[in-house]
Every structure is written in C-alpha cells, then in structure tokens.
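The values are calculated or read from the model by the stated rules, or taken from the named source; none is laboratory data. None of the values given here were measured: they were computed from a predicted structure. Positions of Cβ are generated from backbone atoms using ideal geometry, with glycine treated the same way; all protein chains shown enter the neighbour counts.
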Amino acid sequence: MKAIKTLKAPAAIGPYSQAIQSNGFIFVSGQLPIIPETGELDTGDIQSQTRRVMKNISAILEEAGSSLSKIVKATILITDLSKFQDINQAYGEFFEETPPARACYQVAALPKNAEIEVICEA
C-alpha cells in the first residue's frame, strides 16, 4: 500500500490521503472543487466546479502513474440534483472513450459547503 500525494491537487483537509495505491488499483479520496494554489473553493457555476474536481483527480492519478482513462468507478455527491445535467456535460468532457461506471447521489451537505464531490477508483 502506498499513499499518493501531489501539490497539483488540494491537500487533504482531514486525516486521509489524496489517494492510496494498492494491489494494482488507485483509490482516490473524495475531491472537492478546491483550487490547489489557493486552497479556496472554485466559486464558479457547477460546470466550472465539476471541471476543477476532475482536474484535481487527474493530477492525483498522474502522480500515481495513471490517468482519467483508467478510472473504473466514480461516485458523484451533489447538494442539488437539479444541476445533474450541467454536471454531466462538464464531467463528460473528461471521457472521450468509454466512461467509467458511476453513481450520483444528492446529499444534504458536503465539507466546506461545496456543491460537488467526486470519489473514484482506477
């Protein structure tokens, strides 16, 4: 088991790793739309926030020697299901080939009052 850490994605805001590499898989912790350089939330629309989350995930996977194309499962947590189509549009930009399996849930709240969090396994 190996912890993955990169400065190109937000630092963990609790006692967890950005990702763990184990038995040929990479388990990426939930990523919020935090701008790594500032530590602040992206305050743009939900598409901008979705793109920020996916860029953060990409940076973590690249640090582990992988990429978005290797994601097999993603889970999206959102605070407003009415934004589902906008999220889908931005999320889909990151998967030119076969998109991974995915689930999406509306939740009451997310850390730092974020609107979206994405968890994935590659």
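Test LEU68 against the stated conditions and say whether it is under 18 Å from GLN31 (Cβ atoms) and either crowded, with 16+ Cβ neighbours inside 10 Å or not hydroxyl-bearing (Ser, Thr, Tyr) (or both). Against the criterion (under 18 Å from GLN31 (Cβ atoms) and either crowded, with 16+ Cβ neighbours inside 10 Å or not hydroxyl-bearing (Ser, Thr, Tyr) (or both)), LEU68 qualifies. Within the range 81-108, residues that are touching a residue at least 40 places away in the same chain (Cβ under 8 Å) and farther than 13 Å from ARG51 by Cβ reach no partner that is of a type in the set (Gly, Ala, Ser) and surrounded by fewer than 16 Cβ atoms within 10 Å (Cβ to Cβ) with beta carbons closer than 6 Å at six or more positions or on different chains. Looking for whichever is touching a Phe, Trp or Tyr at 6+ places or on another chain (Cβ under 7 Å) and either among the polar types (S, T, N, Q) or under 16 Å from PRO100 (Cα atoms) (or both) here; the options are THR50, THR75, THR79, THR43. Which one fits? After ruling out the rest, the residue left standing is THR50. When the range 17-45 is limited to residues that are part of a loop (DSSP other than H, G, I, E, B) and within 18 Å of ALA109 (Cβ to Cβ), the one that is modelled with the lowest pLDDT turns out to be THR43. Only one entry of ILE57, ILE87 meets the criterion of being modelled with pLDDT of 95 or more and under 20 Å from ILE26 (Cα atoms), and that entry is ILE57.
Within the range 13-28, residues that are surrounded by 11 or more Cβ atoms within 10 Å (Cβ to Cβ) reach partners that are basic (Lys, Arg) and not in a strand (DSSP E or B) with beta carbons closer than 6 Å, at six or more positions or on different chains, in the pairs GLN18/LYS5. GLU96 meets each of the listed conditions (1) exposed (fewer than 15 other Cβ atoms within 10 Å of the Cβ); (2) part of a helix (DSSP H, G or I) apart from (2). Among (1) surrounded by 12 or more Cβ atoms within 10 Å (Cβ to Cβ); (2) assigned to a helix (DSSP H, G or I), where does ILE76 come up short? The number of the failed condition is (2). The combined condition, being on the phi > 0 side of the Ramachandran plot and not aliphatic (A, V, I, L, M), is not fulfilled by GLY44.
Residue under question is ALA108, and the condition is that it be in a loop (DSSP other than H, G, I, E, B), surrounded by fewer than 16 Cβ atoms within 10 Å (Cβ to Cβ) and either modelled with pLDDT of 95 or more or polar (S, T, N, Q) (or both); does it hold? Yes, satisfied. Listed conditions (1) more than 22 Å from ALA109 (Cβ to Cβ); (2) of a type in the set (Gly, Ala, Ser); (3) outside any loop (DSSP other than H, G, I, E, B) are all met by GLY65, apart from (3).
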